[in-house]
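**Q** First the structure, which I've put down as C-alpha cells, then a few questions once you've had a look.
FYI, it's all coordinate maths here, none of it is from the lab. All figures in this text were calculated on a predicted structure; none of them were measured in a lab. Every residue, glycine among them, receives a Cβ derived from its backbone with ideal geometry; neighbour counts consider all protein chains shown.
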Amino acid sequence: MGKLKRDPNSVELANKIIEQYQPKSVEEMQDALKDIFGPMFEAMLKGEMNHHLGYDSNNKGEKNTANRRNGYGKKTLNTSVGEVEIEVPRDRDGSFEPKVVPKRKKDVSEIEGKVIAMYAKGMSQRDISSTIEDIYGFSVSHEMISDITDSVLPELEDWQSRPLNNCYPFVFVDCMYTTIRNQYETKKYAVYTILGYTMEGKKDILGLWLNETESKHKWMQIFDEIKARGVEDIFFISMDGVSGLEEGARSIFPDVLVQRCIVHLIRNSLKYVPYKDYKAFTSSLRKVYGAQSLKACQSAFESFKQQWSSYPGAIDVWERNFEHVEQLFDYGSAVRKIMYTTNAVESIHSSFRKVTKKGAFPNENALLKVLYLRVKELENKWDGGFIQGWSLALNQLLMDERLKDRVLKYN
C-alpha cells in the first residue's frame, strides 16, 4: 500500500503540537487539542469583532464608529474533546452578535454531526472541507473528516451483528454495484441488501454485505448469518432470479416460498420486444399477473401467447417462469401485492445510488460508512410508519391454513 499523502501544513502543525506538549497517551493528546481549540475559537471571535466594528484592534485610527471594544467575558464550551474555556470579546453598546459561537450557545461539538450528515448525503471530503470553510471560516483537512466519519464504524459493526427478529413474513433481496478504488485500479463491488417486513408491519434492513460478484454462495452465507442472528422463519422471499438463489434460500429456511420478481420478468421479456410495442405488450401482461383469479390468469396467459407469438423470446421468459405467476394466486390480493415485486428493496438501492454516484471509494469501510449513514436516514424516515395495507395482508395470512400456525407462533 502506498504512503498516505499528508498536507504539509497539517504535518507541520502536528509536529509543533507534539514538540510543545509531548503527549504520551490519547488523553494527553486530547488535552493538547483543548489548548489549541481555545485560541482557535478566540481568534475567530476577534476576527468577527473586527468586522463588526469596522477596524482592527491594531489600527484604532481607522475606526469610524463610536462603538468600541469593552474587554472580554469568559465562556466554557463543550467540544468533542471536553470542556474548553475561552474569552469572548465584548463591545461597549452590546450589539456584537458572534456567529461562530453565538451568545448563550455552549456546545460547539455539533460540527462533527454536520460533517457526518454531509458525508451521509454523499458529499466528497473535498466538498465537505470547502463547505465547512465557507460556513465557519476555517478549513478541515481530509484526514480530520475521515477521522470524524470513522466514529460511526463501531456503531456500524454493532448494527451489522445485532440480533434480528425471529420471524419476517416478507423478505426482499437484491444487489447493486458500485466502485471501489484499490491502489491504482478500480473494481466493481456488489452490495447485498436484505429488507424484511416485521410481524408488526415495519420495515427493517437486516444488513449490508459486500462482495466482488453476486453469487448464490454468497447469498447462502448471508442467509446462514441472519439465521445465526436469530431469524427462525421467513414466509416469502422475493428476488430477481439469481441462479441457485432459490435452492440456497430453501437450504437454510426449508419452509420459505421463493417468489420471482414480476417486474424483473417484465424487464427481461422486453429485451425481445421492439420499443414501439412496449406499451401494448406490458398492458397485455398486466392482465395476466393482475388477474382476479388463477383461472382468469391462465386464460389471459393463453391470449397473451397468441397475441405476441411473433416474439418467441419474450414468450419463453414467461413460459419458463409461469409457476411464479401461478403461485401468486395461492394467496390473497393484499399478500400478492406485497410479494410480487422487489421494488421495496430496489427503492433502497435507488437511495444508495444518490450517495455513491460521485465516483470510486478508497476502500470498503469508506463505502460502508456512507451506506450505513444512508440506512439511518431511511430508518428515521420510516420511524412510526406502517407498510400500506399491512392489516389486510396479516388477516389474509391468518386465514391461510398453511400459514396460520406460523403466524400465530410469532404474532
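**Q** What's the exposure ranking of MET199, MET239, going from fewest to most Cβ atoms within 10 Å? Show your work: numbers first, answer last.
**A** On the way: MET199 17, MET239 21.
Ascending Cβ contact count within 10 Å gives the list MET199, MET239.
**Q** Non-local amide H neighbours of SER238 (under 5 Å, H modeled in plane, Pro and chain starts lacking H): which ones?
**A** VAL171, PHE172, VAL173, GLN259
**Q** Applying the Karplus parametrisation 6.51 cos²θ - 1.76 cosθ + 1.60 with θ = phi - 60° to the phi angles of the range 205-222, what ³J(HN,Hα) value in whole Hz is obtained for each residue in order, glycine and proline being reported as x?
**A** 7, 6, x, 10, 9, 10, 7, 5, 9, 8, 8, 5, 5, 5, 4, 4, 4, 5
**Q** Between ASN182 and residues 5 or more places away or on another chain, which pairs have amide H atoms under 5 Å apart, with H built 1.01 Å from N, and which residues are they?
**A** Here LYS187 satisfy the definition.
**Q** The range 341-411 to the range 208-267: how many Å between their Cα centroids?
**A** 15 Å
**Q** If each residue's Cβ is checked for other Cβ atoms within 10 Å, how do SER333, SER283 rank with the fewest at the top? Could the numbers behind the result be given before it?
**A** Working: SER333 14, SER283 9.
Ordered by Cβ neighbours within 10 Å, fewest first: SER283, SER333.
**Q** For ILE237, ILE387, which order do you get if you count the other beta carbons within 10 Å of each Cβ and list the fewest first?
**A** Numbers: ILE237 24, ILE387 18.
Lowest count first: ILE387, ILE237.
**Q** What share of the DSSP beta bridges in the range 157-410 is antiparallel, in percent to the nearest 5? Please report the intermediate quantities before stating the final value.
**A** Details: 21 of 31 bridges.
Antiparallel: roughly 70 percent of the beta bridges in the range 157-410.
**Q** A further question follows. With θ taken as phi - 60° and the coefficients 6.51, -1.76 and 1.60, list the Karplus ³J(HN,Hα) couplings across the range 350-359 in order, rounded to whole Hz; mark glycine and proline as x.
**A** Coupling constants for the range 350-359: 4, 5, 4, 5, 5, 9, 10, 6, 6, x Hz.
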